[in-house]
Amino acid sequence: MTPSRIAPILLVALLPFSGCSSGCGREEGGKAAGERQPTTTAIPPTTAAAPVVHDGETYQLYRPRRWDVGDVVTREATTVITGRITEVAPDGRLSRLPTTKETVHANWAEKTVEVDDDRRRTRYLVDLRTWLRTQADVRDESLQGAVLAVSGVGAKRTWSFVGRDIQPNTEAKDWLDGHFGSHGPSDEQWLRMMLPDDDVAVGESWTPDVVLLGDGMEGSGLAIDRASLIATVTLAAIESGSARCSFNGKFGLLRIPNSEVPLSKGTMDFEGEMSVPLAPEHLVLSTRRFRATFQGETSKNDAITRLDFATDERSTTTPGGDFAERAE
């Protein structure tokens, strides 16, 4: 695989995982040769708020979301992925591809149209109000104004266009698969992975469900070393009826994402913050900031290819909102 083909493959894998809507869960020429020159900045530690004392009070964070037909939520997400690929020839000469940067910003509304006996959302409509992908001098708005029908839950989610016949390019289809299909965890899957079953106090930390977390990553095309997967979540504060949690983790990668090319060295570190409303409000991923860095090496014929990529995603979910009549 040539270096020029690696960057798109990495972007395809990283975008859906960072941008994660139905439930699944437990219920279901420069420096010396060989000197590493990363193009991405190491993740800074999340700034923790001063511990808040609540006299031993504990809080229930996870509870299954119960949907009603007609429920509407409004979502917005912005994801930026940057990276660079460097080749080290057998004689030590360095050859770098230009830095890759891709940004996707989207705003959409979702309306529930079918639920099952457990009031899990099994079918909903999506009104993609805005959608813009930029990469270098390419500006893509092909999905803006599209209406989707999403069916199924968890890894069985599928999507289809409603009304307008759109032929999305590869990058646009990958984004749709990651947010409304089976390629990448939904918000509800993420919450099931990260939130504990037990009530917790401010300042308390726990280990998320690494099995579900690993499943979600592998569903995004990441071949991970499950034995190396570690993660921690902490209830940082209670603020205006919401719980703010910080998280971090890391794991090894065995292959270049979405390929069979092995990595001699491959690691991904991630960290961020998220907030969720407390009961009796419905559980949603109100806000999330997700940052990750990926570094890896692969070799062929004594030449080494070094990969340095970073992703930064911000997303919000707001209950309610208008759902355009054209999307009904």
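Structure notes:
Condition check ((1) over 25 Å from F294 (Cα atoms); (2) hydrophobic (A, V, I, L, M, F, W, C)) across all residues:
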{"position": "G154", "(1), (2)": "yes, no"}
{"position": "W159", "(1), (2)": "yes, yes"}
{"position": "G178", "(1), (2)": "no, no"}
{"position": "H183", "(1), (2)": "no, no"}
{"position": "L195", "(1), (2)": "no, yes"}
{"position": "W206", "(1), (2)": "no, yes"}
{"position": "V211", "(1), (2)": "no, yes"}
{"position": "D225", "(1), (2)": "no, no"}
{"position": "A231", "(1), (2)": "no, yes"}
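- Positions within the range 256-265 being within 12 Å of S299 (Cα to Cα) and either out of contact with any helix residue (DSSP H, G or I) (no Cβ under 9 Å at 6 or more places or on another chain) or among the hydroxyl-bearing types (S, T, Y) (or both), in sequence order: P262, L263, S264, K265
- Among the residues making up the range 300-320, a single one is at pLDDT 90 or above and not in a strand (DSSP E or B): G320.
- Those strands (runs of 3 or more DSSP E) lying entirely in the range 50-144 with at least 2 residues closer than 30 Å to A237 by Cβ, out of contact with any Lys or Arg (no Cβ under 7 Å at 6 or more places or on another chain) and among the charged types (D, E, K, R): 72-88
- Residue among E297, E218 that alone is outside any loop (DSSP other than H, G, I, E, B), under 30 Å from V88 (Cα atoms), under 16 Å from the mean Cα position of the chain (by Cα) and of a type in the set (D, E): E218
- Filtering G219, G252, G266 for residues that are surrounded by 16 or more Cβ atoms within 10 Å (Cβ to Cβ), at negative phi, in contact with a Pro (Cβ under 8 Å, 6 or more places away or on another chain) and not hydroxyl-bearing (S, T, Y) leaves a single hit, G219.
- Near pairs, Cβ below 6 angstrom, 6+ apart or cross-chain, from the range 117-146 (on the phi > 0 side of the Ramachandran plot) to any residue that is surrounded by fewer than 20 Cβ atoms within 10 Å (Cβ to Cβ) and modelled with pLDDT under 95: R119/R66
- Every residue from the range 221-251 that is part of a loop (DSSP other than H, G, I, E, B) and in contact with a strand residue (DSSP E or B) (Cβ under 8 Å, 6 or more places away or on another chain): L222, A223, G241
- Scanning the range 182-207 for residues that are crowded, with 22+ Cβ neighbours inside 10 Å and of a type outside the set (A, V, I, L, M, F, W, C) turns up H183, G184, P185, S186, D187, E188, Q189, R192.
- Any hit, the range 285-293, residues being aliphatic (A, V, I, L, M), under 19 Å from W108 (Cα atoms), modelled with pLDDT of 95 or more and outside any strand (DSSP E or B): yes
The values are calculated or read from the model by the stated rules, or taken from the named source; none is laboratory data. Because the structure is predicted, anything quoted here is derived from the model rather than measured. Here Cβ is always computed from backbone atoms with ideal geometry, including for glycine, and neighbour counts include all displayed protein chains.
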